[in-house]
Amino acid sequence: MKRIKDLFWPLVGLVAVGWSLHILYVKLKQEAAATAAAQLENASFFESIRIIAAQIGHKLAAIPTSGYLLAVLSTLCAYWALAWYDRIALIHLKREQGISWSFITICSFVTYAISHNIGGSVFSGGMVRYRAYTSKGLSPAEVAVLVALCSFTFAFGTILLGGLVMLFEPHIVVPLAKQAKMDFSITLGRVIGAGMLAFCLLYTIGAWLQFKPLTIRSFKLEYPGLNVVWRQWVAAPLELLGAAGIIYFALPEQGNPGFFVVLGAFLLSFSAGLLFQVPGGIGVMETVFIAVMPGIPATAVFAALLVWRLLYLIIPLGLSIPFILLFERSQMGKAAQPSGPAGGTPAA
């Protein structure tokens, strides 16, 4: 039974990736056929991929320099806000003193660079944070609370912005509901959006009322105070707006449905990728974006998401590796140092 449970979510993620990639390939091939029908007619699978890749390359070259610059600024904004997640959690734990902003920023950067790429953000991110924050004196229980609160801050931002999108742009879910053969009305979308916003307000009211902590034996779980919650209201949406901005600025102007729809597509697709534990949301994000934004060519959508993966996933992952090596080297150096007279060099 345990083995079945361990294999269930990876299997679900694999099926989601396979299904999404199949749909993506069909969509891209259909679009490529509009300009290269004769080439694709008798082309093999790999030859078709080459033709599609050439068209995507043209779309990447068509993105203006200003679009790339704004996408880079959006990336910096997103990762700065992610560092704020850790700071907020440390404020909640009352352990922010003595831990520099630079240490928190680097720890957060490495955490999310790894977890966004390999999936399982709670577990992979928890490992990085455990190594980093225990070196600063936090207990394992405190690190667990920190990881949980960072995850909740992300969820809070998703619920908050998702509620706004569902309230004002509920039609973006209709194409996805049709693909899943489900009934979905605009009214239902607005009701769901209102419910999501109500949750955010109730959570904030709970902080204002200062609910009593939950005590389990020696472990105490405190409800976040207003000094934490107001920061979550700023940091969580800011990170998601930055991440969605990368895609928005990489999309062509013609057929662009506007930032709010792009944001909604990002929230839906990125959340689906996390739910199914798909590293980087590969395949899933492309499928959702193409369905939600039929006015933009599929190759242009794919190109914009390539820019997002490069700036938000691949480059941060590459930059995080030296930080990990330097940290582990410093920890090994500390472990090798004598801890006292008993560990000193014996007299000759």
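Structure above, values below:
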| read-out | value |
| --- | --- |
| Residue selected from the stretch 96-119 under the condition more than 18 Å from Gly157 (Cα to Cα) and touching a Leu at 6+ places or on another chain (Cβ under 6 Å), by the criterion surrounded by the fewest Cβ atoms within 10 Å (Cβ to Cβ) | Glu96 |
| Matching residues in the stretch 71-89 - criterion: being of a type in the set (A, V, I, L, M, F, W, C) and buried (at least 16 other Cβ atoms within 10 Å of the Cβ) | Ala71, Cys77, Ala78, Trp80, Ala81, Leu82, Ala83, Trp84, Ile88, Ala89 |
| All positions within the stretch 168-186 that are aliphatic (A, V, I, L, M) and surrounded by 14 or more Cβ atoms within 10 Å (Cβ to Cβ) | Ile172, Val173, Val174, Leu176, Ala177 |
| Those residues of the stretch 154-175 which are touching an Asp or Glu at 6+ places or on another chain (Cβ under 9 Å) and at pLDDT 95 or above, in sequence order | Gly157 |
| Residue list for the stretch 135-181, filter: farther than 20 Å from Ser269 by Cα, more than 22 Å from the chain's Cα centre (by Cα), part of a helix (DSSP H, G or I) and not small (Gly, Ala, Ser) | Pro140, Glu142 |
| Matching option when the condition is assigned to a helix (DSSP H, G or I), more than 30 Å from Trp230 (Cβ to Cβ) and either hydrophobic (A, V, I, L, M, F, W, C) or modelled with pLDDT of 75 or more (or both), among Ala43, Ala37 | Ala37 |
| Qualifying residue in the stretch 48-55 (condition: out of contact with any Ser or Thr (no Cβ under 6 Å at 6 or more places or on another chain), buried (at least 16 other Cβ atoms within 10 Å of the Cβ) and under 26 Å from Phe323 (Cα atoms)) | no |
| The stretch 177-197 residues that are farther than 14 Å from Leu164 by Cβ, paired with ones that are not in a helix (DSSP H, G or I) (beta carbon under 6 Å, 6 or more apart) | Ala177/Phe184 |
| Among (1) assigned to a helix (DSSP H, G or I); (2) over 30 Å from Ile114 (Cα atoms) - the single one Lys212 does not satisfy | (1) |
| Counted residues, the stretch 75-118 - those being modelled with pLDDT under 90, in a helix (DSSP H, G or I) and over 13 Å from the mean Cα position of the chain (by Cα) | 1 |
| Residue check, Phe123 among the hydrophobic types (A, V, I, L, M, F, W, C), assigned to a helix (DSSP H, G or I) and modelled with pLDDT under 90 | yes |
| Qualifying residue in the stretch 251-263 (condition: touching a helix residue (DSSP H, G or I) at 6+ places or on another chain (Cβ under 8 Å), of a type in the set (A, V, I, L, M) and within 16 Å of Phe302 (Cβ to Cβ)) | yes |
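The values are calculated or read from the model by the stated rules, or taken from the named source; none is laboratory data. Quick caveat: nothing in here was measured; it's all calculated off a predicted structure. Using ideal geometry, Cβ is built from the backbone for each residue, glycine included, and neighbour counts are taken over all protein chains shown.
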